[in-house]
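Report on the following structure.
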Amino acid sequence: MQIRVRFDKWARHRIVPATLVIMLAVVPLIGGSTLVAQVHHPAMEVGTRCQQEYQNGWQVDVGSNDVWNRCGNFNDQIRKTDSLEFYYNLHGAKPVLEKTNDGCGWGCGSLDSVDFFYTNEHAGVNNSSAFWTMWDQNSLALSSNMRLGDNSRELMVLATFACNTLQTSDGNANVLARWQPPFSGGLVMTVGAHATLYSGNDQSATEFASRMQDGEPIGQAWLESAWYADNSNTPSMMNTGRDANDCWNRSRVSLPSLFSTPILRDSAIGYFCWASWN
C-alpha cells in the first residue's frame, strides 16, 4: 500500500483500494466557547462505566476517588437533559464492551444499548488495538474486537477519559487497524487522548457535559474541557466521513444534530478524521 502524507490542521484519512491519503493534525483549530445557554436537543440514552481500583492491584489506583468523582460529575450534569440508563463499574465488562455481547441491554451495561457512552479507566494501545483495562486482572477490552453502532440502541458516541486510545504517533496503518473495526458498525464519533490525560481537575467532566448541552460540537466540548482543566492533557477526537468534506462536516456534530447525522458503515466510510490538542 502506498502512503502519501500531507500536513494540515486536521487529520483526514481517505481509504481507497491502493492508496491511503493522509493529512495529519499538527495544531488545534477549534477556538473558545461563546455559547452560554443550554440548547434543546433530543434526549439521549446514556451509559457510564468507570473503574477506580483493580483486582489484586494489577493497575494503579490514581487515588482521591478521582475516577468516581469524575464519573459522578459527568452523570450529575448529563442527567439534567438526558436519560442516564446505567452507571456501573468494569467488573467482568469485557464481553459487553466488545462485539461478543455489546447489545445485551442496560442491565448488563453494554455499549450498543445506549446512544452515548462515557468511561474513565486506564487504557493504552498496541499495533492492532486500543485497549481499556477491566477491573479483572489482566483483562482488556480491545477496539479490534468491537463493532459499535449496529446493535440494539446503536451507539453513536464513545467518550473515554483514558490515556493513548487515539494515539497517532506510531503511524497511520496502526491507527486504522485500531479504529476501523469499531467505526465499521456505524459509530459517529469517539473522543479520548493521543497521549496522557491526568487525574485531578475532575470538574472537567461537568464542563464537558455542560458544553455539549450548550450546543457546542461534541469534539470541541471534549478538547476544550480536558485541555483547559489541565494544559498538560492531550485530548483528541475522531470521526469518519464519505469523503473529505463530509468528514469535516461530521466532525462538527453536536447533541442537537446527533440523531440527524447519517450513519456510515463498512464500505460507506471513505475517510477518517481526527483533531488533537497539545
Discussion item. Tell me which strands (runs of 3 or more DSSP E) are completely within the range 42-146 and hold 3 or more residues being closer than 20 Å to Gln203 by Cα and in contact (Cβ under 8 Å) with a residue 40 or more places away in the chain, or say none if there are none.
Written reply: 45-50, 116-120
Discussion item. Need the failing condition index for Gly185 against (1) outside any loop (DSSP other than H, G, I, E, B); (2) touching a residue at least 60 places away in the same chain (Cβ under 8 Å), just the number.
Written reply: (1)
Practice prompt. Select from the range 107-155 the residues that are among the β-branched types (Val, Ile, Thr) and over 20 Å from Gly63 (Cα atoms) and list them in ascending order.
Written response: Val114, Val125
Worksheet item: Taking the range 237-250 as the region of interest, how many residues are out of contact with any Gly (no Cβ under 6 Å at 6 or more places or on another chain) and within 27 Å of Asp82 (Cβ to Cβ)?
Response: 7
Item to complete: Answer yes if at least one residue in the range 193-205 is in contact with a helix residue (DSSP H, G or I) (Cβ under 8 Å, 6 or more places away or on another chain), assigned to a strand (DSSP E or B) and surrounded by 23 or more Cβ atoms within 10 Å (Cβ to Cβ), and no otherwise.
Response: yes
Fill in: Residue count for the range 240-278, restricted to those that are under 20 Å from Leu197 (Cα atoms) and buried (at least 19 other Cβ atoms within 10 Å of the Cβ)
4
Discussion item. Would you confirm, using the coordinates I've provided, whether Asp214 is surrounded by fewer than 19 Cβ atoms within 10 Å (Cβ to Cβ) and closer than 24 Å to Gly72 by Cα?
Written reply: yes
Worksheet entry | Residue count for the range 70-80, restricted to those that are buried (at least 17 other Cβ atoms within 10 Å of the Cβ) and out of contact with any Leu (no Cβ under 8 Å at 6 or more places or on another chain) | 6
Worksheet item: Based on what the data block shows, is Ala130 under 13 Å from His194 (Cα atoms), buried (at least 23 other Cβ atoms within 10 Å of the Cβ) and not polar (S, T, N, Q)?
Response: yes
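Quick note: the coordinates plus some simple rules give every number you see, no bench work behind them. Small disclaimer: the values here were computed from a predicted structure and weren't measured. Positions of Cβ are backbone-derived with ideal geometry, glycine not excepted, and every protein chain shown enters the neighbour counts.
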